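A.B. asks: The structure follows.
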Amino acid sequence: MPDTFNSDISLKVSNVTKRFGDFTAVEDLSFDVRAGRVFGFLGPNGAGKTTTIRMIVGITAPDEGSISLFGEPVSYATQNRIGYLPEERGLYKKMKVVDQLKYFAELKGVSRSEADKKIDFWLDRMGLGEWKKAKTTDLSKGMQQKIQFISTVLHDPDLLILDEPFSGLDPVNVEFMIDVLSEFRTQQKTVIFSTHLMSTAERLCHDIILINKSRKVVGGSLREVKESYGTNLIAFRGSNADSVIANRSLVDRVVSHADEQELHLAAGVDTQAVLRAMIESGANVMKFEITEPSLNDIFIEKVTGAANGTLTAPVEKNL
Amino acid sequence: MKKFLAVVKHEYKKVVLKWSFLIGTLMLPTLAIVFTFVPMIIFSLRGEPTRIAVYDPSGKILPRLEKNLSPDRMVEKAKKAAADSLTNIDASQEEKMRNQAAQFTQSFVLSEFSASGTVEEARASLIGSIMNGTIDAYLIVPANVADTNAAFEFRSRKGGDFVSNDTLRDALNDAVRSQRLAEANISEDRLSELSAPANLDAKGIDETGEEKSAEGIMIASFVIGLMTYITLAIYGQQILGAVVEEKETRIAEILFSSARPFELMMGKLVGVGLAGLTQLGIWVGTVAILLGFLALQSDMSMIMSSVPAITPLMVLYFLIFFLLGFFIYASIFALIGSMVTTVQEGGQFAFPPIMIMLAAFYFCFAVIRDPNSTVSFWATIAPFMAPITMPVRILAEMPPLWQIALSIVVNVAAIAALVWLTARVYRVGMLMYGKRATIPEVWKWIRQP
């Protein structure tokens, strides 16, 4: 691993286009991923995420544009530096855990003795030491998930691409995996993290890109992206405020959560004016907090284009 | 190259280290042994001797019948039968034949039944004896043996014992014939001189002018054709299953992110092919050991003499054609596997290649009958067919070298085309989930750069 700064670019995607017949899966997509950062690759299904990832991993080639990894154009040679956990995961059903891991390691060019060592280390690390000789069919879904993860890190990749890495894991294991991932970050390794779960992305990612319908919608550091969305969002809990909430000249959109509401103010409306209006209308205000937009909000707004109307369903359900 | 070898090793171990491989490998030799020896053992197990009451009013047939069923006479007959296939019989074999003959004769106990009444009365009494179990069968000899229309009546409780029935029929025929000859004043020696069969010594001649047995060639050709067919069908399905598994479980995506699709596909073909060769090697080895063992048993030299001579060159050709066949059908099955989504779906698509194999197998019969006919020529040159038919032809009669070379060239070209085609479909098809590819789609994948 060469000495790198946080700002060093490990992956550069430049003006990439990929078509399948008449269908354009990815159009003129450009972004940089910096070493030692967690990069969130976000977008709804069918946005072109998997196609883009496949091009980065070298499974398919772009029709136009270029992708370079650590300054080298992506090719079969760069595959050994990438660890890829696809969204659609699979293991050989009737093969022993250790045998599959050895095979996957060998395919990444890891020597036999090295692979043995790494496999033991990672199985212990994941608490699966005793399952070494078990067959896939004997493992729970969460265990299979972890085995799959091990197979992506055995060759000590510099770039880790994880597509929905937490699906199928219980909350305890999700925390555990997040710990493992943060270790990668401290080793100056780059993680590309593709997900639908905006809350997880918000927690883990330094930088994000949101793509929709084959194109980039928004990108940059998490902070930049959020700040560009302004501060016209209010977390509200209380009663008798319906008249104010329903006033479209003040509140543009309402998202209801279990015990509170998220009020998206109309353009140019002062937050204090809204609070005043509520109190004057006799509302019982228990919580009134100016918050920054969540990634979820940005996602909904950008993907569904729902700038008006009331959205009450959690966004994950729609995806 | 390192990754390619890793794939080869992985695929090889995946096939060979499975129970089904062990069972499949043991099954064929076991079946061969069972089919060879079990009938022999069963027929040599003889039940209780059959007690036959002979009603012979003329008194002329019974003594001759008893004589014909005597051990000495049986040995003589067996010797005569064996003389066709054996040039010399040593003492130990004669000994064995005598024992065998003794076994046969022991299974008949003849007794005379004499009654003064009519035939009908005698029959009723004999049936009564069968019913109360004092005898097992009866034979009623007609009064006038010389009359060719006269019927011998044999009724037995053991009607299905065809081995005994045959022995009895032969002995009776001989007895009646010699009786008739005696009545016509012709000596038996004179008759056997007159009716000695023409000695047709039918054998093939191989390219070095050596003689070879026609029957042995037919059986060996059939066996080799069948074995190639079965092995190709089994390993084709194996490839299909392996490809579909990687597609179905989405392992393909991980594999494709680690190695070139072409490496993965070829590694699979080579790995499974080596597994097939391993199995074939075990079988050929078993047969060789079995033949060697039989060769040591002197009384099996009959069989040995009809096993055609297989030269190392032939073995080399068999190997080449097996590999040609394997790569042709394996790439077809890999192609099918990367188009479909489940093994069941693949099974429907596997029909055409299986039909071609079966057709090739049927052409083997034409090739065995006339290895040099036009049909045989084309059947052993044609791609898809040659891997099954050519070994049969080589065994039946070594074709000219240029024909073998032409066949190899044609089939290698077919493999090159198929591998190219399969590789193109494989790299796209393996990442397509959810639905079976249509033919226009596949055509598009093939044309993609």
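A.B. asks: When the Karplus curve 6.51 cos²θ - 1.76 cosθ + 1.60 is applied with θ = phi - 60°, which whole-Hz ³J(HN,Hα) does each residue of the stretch A:56-73 get, with x for Gly and Pro?
C.D. replies: 5, 6, x, 6, 10, 10, x, 6, 9, x, 9, 10, 10, 10, 6, x, 10, x
A.B. asks: Oh, and also: Label B:LEU31 and A:LYS287 with points 7 Å out from Cα along Cα→Cβ: what is the distance between them in nm?
C.D. replies: Inter-label distance under the simple model: 7.3 nm.
A.B. asks: Under 19 Å from a point placed 7 Å out from the Cα of B:PHE351 along the Cα-to-Cβ direction: which residues of the stretch B:318-338 have their backbone N that close?
C.D. replies: Once the point is set 7 Å along Cα→Cβ of B:PHE351, B:332-338 turn out to lie under 19 Å by backbone N, inside the stretch B:318-338.
A.B. asks: Would you pull out the residues with amide H under 5 Å of B:ARG436's amide H, same chain only if 5 or more places away, H placed 1.01 Å from N?
C.D. replies: none
A.B. asks: Name the residues of the stretch B:1-27 whose accessible area, probed at 1.4 Å, falls by at least 30 Å² once all protein chains are in place instead of their chain on its own?
C.D. replies: Residues meeting the cut-off: B:LYS2, B:LYS3, B:ALA6, B:LYS9, B:HIS10.
A.B. asks: Averaged across orientations, what area in nm² does the convex hull of the alpha carbons in chain A project? Don't skip to the end; give the middle numbers.
C.D. replies: On the way: hull surface 75.2 nm².
Mean shadow area of the hull around the Cα atoms is 18.8 nm².
A.B. asks: Separate question: Kindly report the accessible area of the stretch A:96-217 per residue (heavy atoms of protein chains, probe 1.4 Å, no ligands, DNA or RNA), in Å². The partial results should precede the final answer.
C.D. replies: Details: 4890 Å² over 122 residues.
Dividing the accessible area of the stretch A:96-217 by its residue count gives 40 Å².
A.B. asks: Calculate the radius of gyration of the Cα atoms of the stretch A:68-123 to one decimal place, then report Dmax, the largest Cα-Cα distance, as a whole number, both in Å.
C.D. replies: Spelled out, the Cα radius of gyration and Dmax of the stretch A:68-123 are 13.2, 40 Å.
A.B. asks: Once amide H atoms are placed 1.01 Å from N in the peptide plane, what residues at a sequence separation of 5 or more from A:ILE192, or on another chain, have their amide H within under 5 Å of its amide H?
C.D. replies: Those lying under 5 Å, H to H, from A:ILE192 are A:PHE39, A:LEU160, A:ILE161, A:LEU162.
A.B. asks: Additional query: So, counting K/R as plus one and D/E as minus one, what does the shell of residues with Cβ under 12 Å around B:PHE113 add up to?
C.D. replies: That works out to -1.
A.B. asks: Which parts of the stretch B:248-263, residue by residue, lose 30 Å² or more of accessible area when the rest of the protein chains are there, as against the chain isolated (1.4 Å probe)?
C.D. replies: For the stretch B:248-263, once contacts with the other chains are taken into account, B:THR249, B:ARG250, B:ILE251, B:GLU253, B:ILE254, B:LEU255, B:PHE256, B:SER257, B:SER258, B:ARG260 lose 30 Å² or more.
A.B. asks: On a straight-distance basis, which aspartates and glutamates could pair with B:LYS67 in a cross-link, Cα separation under 16 angstrom, same-chain partners fewer than 8 positions away excluded?
C.D. replies: B:ASP56, B:GLU76, B:GLU112, B:ASP170, B:ASP174, B:GLU188
A.B. asks: For the stretch A:105-111, in order, what is each residue's ³J(HN,Hα) by Karplus, 6.51 cos²θ - 1.76 cosθ + 1.60 with θ = phi - 60°, in whole Hz (x at glycine and Pro)?
C.D. replies: 5, 4, 5, 9, x, 7, 5
A.B. asks: Accessible area lost on pairing A with B, both sides, 1.4 Å probe, Å² to nearest 100? Mind showing how you got there, number by number?
C.D. replies: On the way: alone 15460 and 24770 Å², together 37820 Å².
Summing both sides, the interface buries roughly 2400 Å².
A.B. asks: What nm value, rounded to one decimal, do you get for the distance between B:THR311 and B:GLU183 when each label is placed 7 Å out toward the C-beta?
C.D. replies: Taking the two extended label points, one gets 6.1 nm.
A.B. asks: Another question, if that's okay. Could you give P(r) for the protein assembly as shown, binned at 20 Å from zero, as whole percent values over all Cα-Cα pairs?
C.D. replies: 13, 29, 23, 16, 11, 6, 2, 0
A.B. asks: For an R0 of 35 angstrom, estimate the FRET efficiency from the Cβ-Cβ distance between B:SER116 and B:ALA196 and round to the nearest 0.05.
C.D. replies: Working: r = 44 Å, r/R0 = 1.25.
Calculated value: 0.20.
A.B. asks: Carbon and sulfur: what percent of the stretch A:130-214's accessible surface (1.4 Å probe)?
C.D. replies: Details: 1630 of 3240 Å².
Carbon and sulfur: 50 percent of the exposed surface of the stretch A:130-214.
A.B. asks: Output ³J(HN,Hα) for the stretch B:311-322: one whole-Hz value per residue in order, computed from phi by the Karplus curve 6.51 cos²θ - 1.76 cosθ + 1.60 with θ = phi - 60°, and x for Gly and Pro.
C.D. replies: Values per residue, Gly and Pro as x: 8, x, 4, 4, 4, 4, 4, 4, 4, 4, 6, 4 Hz.
A.B. asks: Same structure again: Please compute, for the alpha-carbon atoms of the stretch B:349-430, the extent along each of the three principal axes and give them in descending order in Å.
C.D. replies: Principal extents (Cα only, largest first): 46, 27, 17 Å.
A.B. asks: Further, regarding this structure: Aspartates and glutamates near A:LYS135 by alpha-carbon distance under 12 Å, same-chain residues fewer than 8 away left out - which ones?
C.D. replies: A:ASP99
A.B. asks: Given 25 °C and 0.890 mPa s, compute D for the stretch A:23-81 with the Stokes-Einstein relation, Rh being the Kirkwood radius over Cα pairs; round to the nearest whole µm²/s. List each step's numbers first, then the result.
C.D. replies: Details: Rh = 12.5 Å.
Answer, rounded: 196 µm²/s.
A.B. asks: Which entries of A:LYS18/A:LYS189; A:LYS132/A:LYS189; A:LYS102/A:LYS141 have Cα-Cα distances beyond 29 Å here?
C.D. replies: Going by Cα-Cα distance, every pair falls inside the 29 Å limit.
A.B. asks: Using amide H atoms built in the peptide plane, which far-off residues or other-chain residues are under 5 Å from A:ASP252 H to H?
C.D. replies: A:HIS264, A:LEU265, A:ALA266
The values are calculated or read from the model by the stated rules, or taken from the named source; none is laboratory data. Quick caveat: nothing in here was measured; it's all calculated off a predicted structure. Every residue, glycine as well, gets a Cβ built from its backbone with ideal geometry; the counts of neighbours run over all protein chains shown. Ligands, DNA and RNA are stripped out before the accessible areas are found, and what is left, the full protein with its side chains, is counted by its heavy atoms. Shrake-Rupley method; radii C 1.70, N 1.55, O 1.52, S 1.80 Å.
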